[in-house]
Each structure stands twice: as structure tokens, then as C-alpha cells.
Amino acid sequence: RDGRGWSFTEQPPPAPHQPVRRPARVAQVLALAHRLQRAIDRGEYRDRAELARQLGFTRARITQILDLLLLAPDIQEHIVHLEAVDGVEPIAERGLRDVVRHESWAEQRRAWASISAQ
């Protein structure tokens, strides 16, 4: 149509873009938690406070990160495989904190089921 912003051309339409996939932020933070705990276990850092000072984090943030290690192993396994597609995160770290606060793995699994189904 003339003057309406579109017209027919000899060119085929562009192919749809491939979605951009990357590990989810929570998966990256969980991997970081495992790496930091191994560093503490090897004696590279005396404790969480020294780790926080050396990395420039607050002690509270280090605690939040390392608390992810308290998640049930099957939940951790699921988290490691999460992907962000086109920048959309599947779950927020804050949601995981609600799961971590449950002491038993059975309660964690129930809480995980409720937030991962959304």
C-alpha cells in the first residue's frame, strides 16, 4: 500500500531470530556458592568474614550465597540446569531464599514445587 508504511518486495521475510540462551542467574550463584565453600574448605580463607572482605561482599551477602548449599541435592541439580531465554530469568534468587529457610528437604521440595510451577 502506498503511503501506509509497507509494500511487497522480492525479498523473503527475515528468518525469526534464534532465542539467546544462557545459564540462569540462580544457577551461576549456586555454582559460585560451591566454589566459595570449596575455597573455605581448602583453607584459602579462614572463614566467611575473611571471604567477604577479600571479595568485597558484605557478610550478609556471603551468607545468602552459601545458604543455597543447604538446598536439597535434587533441587540444586534442577537449578544448575535452569536457563534464561532472551534475558528472562526462570526464577529469582529471592524466591530460593524462601525455599532455603525450610529445614527439612521434604518441606523444601514442597516450597520448590510451588515456585517452580509458576
Worksheet item: Ranked from the most accessible area to the least, with a 1.4 Å probe and all protein chains present, what is the order of Asp86, Asp41?
Response: Asp41, Asp86
Discussion item. Rounded to two decimals, what is the ratio between the C-alpha radius of gyration of the range 70-118 and 2.2 N^0.38 Å?
Written reply: 1.11
Practice prompt. For Rg/Rh (Cα atoms, Kirkwood Rh), several values are listed as (i) 1.25; (ii) 1.10; (iii) 1.16; flag the one computed from this structure.
Written response: (i)
Discussion item. Just to verify a number: what accessible area does Trp112 come out at with the full protein assembly present, 1.4 Å probe, Å² rounded to tens?
Written reply: 30
Discussion item. Under the rule of at least 5 residues apart or a separate chain, name every residue whose amide H is placed under 5 Å from the amide H of Glu83.
Written reply: Ala24
Worksheet, complete the sentence: Of Glu50, Glu107, ordered by accessible area with the largest first and a 1.4 Å probe, the sequence is Glu107, Glu50
Discussion item. How large a share of the accessible area of the range 1-105, in percent, is made up of carbon and sulfur atoms when the probe is 1.4 Å and the other protein chains stay in place?
Written reply: 52
Item to complete: Kindly report the accessible area of the chain per residue (heavy atoms of protein chains, probe 1.4 Å, no ligands, DNA or RNA), in Å².
Response: 73
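The values are calculated or read from the model by the stated rules, or taken from the named source; none is laboratory data. Note that this is a predicted model, so its numbers are computed, not measured. All accessible areas refer to the heavy atoms of the entire protein, side chains included, with ligands and DNA or RNA removed. Shrake-Rupley method; radii C 1.70, N 1.55, O 1.52, S 1.80 Å.
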